[in-house]
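J.: Take this structure, written in structure tokens, and hold onto it; I'll ask about it next.
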Amino acid sequence: MADDPLESSLISTDAAAGIQSVVACKGIRSTSDFPRDLKGLSAEQIEHHYTAMRNSHASLTRSRGQLLRRSREFSEARERFLATLRSYEERLVLIGQEKAEAMRLAKDMHQELEAFESKQQQLDRLLGELDEAKQEAGFWSVFQINQLIERMRALLRGGDKRDG
């Protein structure tokens, strides 16, 4: 009987000696542990039940406080987690924008390189034609050299003259 906490918390009276045993009134107890009617109970028994109910209420209040604290801590932790998640999302968006900008720049640079290569090839062709024209003698070669020089000027200024 002494090992069971519910039975040890109940008031028992020793009929022969009329002595009431000392009962621990700590912890949360079910309401069914307490009598519904106080009739027939001595003042000591009523006081004992009252103390047991107060102790049970205090334990419940502590437990409720702990539950509220833990709930608040979890809510704060959740909010911190969500804030961290939002910051990661913002970082990903920024990284995506930077990547898109880098891709645009790379595309622009590639187009510029292709245009430069095209101009370089045209200039190489014009220089080859100029070398050929220099080897020829006469009025026609001077006229051809002047045309080649004009085409080079136009090419170097940004024009794209390919006609001959």
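J.: Want the number for Tyr50 to Glu150: 0.36 nm per residue separation, take away the alpha-carbon distance, what's left?
T.: Gain in length upon complete extension: 24.6 nm.
J.: Something else about it: Compute the FRET efficiency between Glu101 and Arg157 as 1/(1 + (r/R0)^6), taking r as their Cβ-Cβ distance and R0 = 35 Å, and round to the nearest 0.05.
T.: 0.70
J.: How many percent of the accessible area of the stretch 41-126 is carbon or sulfur, using a 1.4 Å probe?
T.: On the way: 4330 of 7290 Å².
C and S atoms contribute 59 percent here.
J.: I'd like the FRET efficiency for Ser118 and Arg91, computed as 1/(1 + (r/R0)^6) with the beta carbon distance as r and R0 of 30 Å, rounded to 0.05.
T.: Calculated transfer efficiency: 0.15.
J.: Tell me the per residue accessible area of the stretch 97-156 using a 1.4 Å probe; a whole number in Å² is fine.
T.: It amounts to 80 Å² per residue over the stretch 97-156.
J.: Right, next: Mind checking the full-extension length gain between Glu79 and Val142? Use 0.36 nm per residue of separation minus the Cα-Cα distance, one decimal, nm.
T.: This chain segment gains 14.4 nm when fully extended.
The values are calculated or read from the model by the stated rules, or taken from the named source; none is laboratory data. None of the values given here were measured: they were computed from a predicted structure. FYI the Cβ positions are ideal-geometry reconstructions off the backbone, even for glycines, and counts take in every protein chain you see. Protein only, heavy atoms only, side chains kept; ligands, DNA and RNA dropped before computing areas. Shrake-Rupley method; radii C 1.70, N 1.55, O 1.52, S 1.80 Å.
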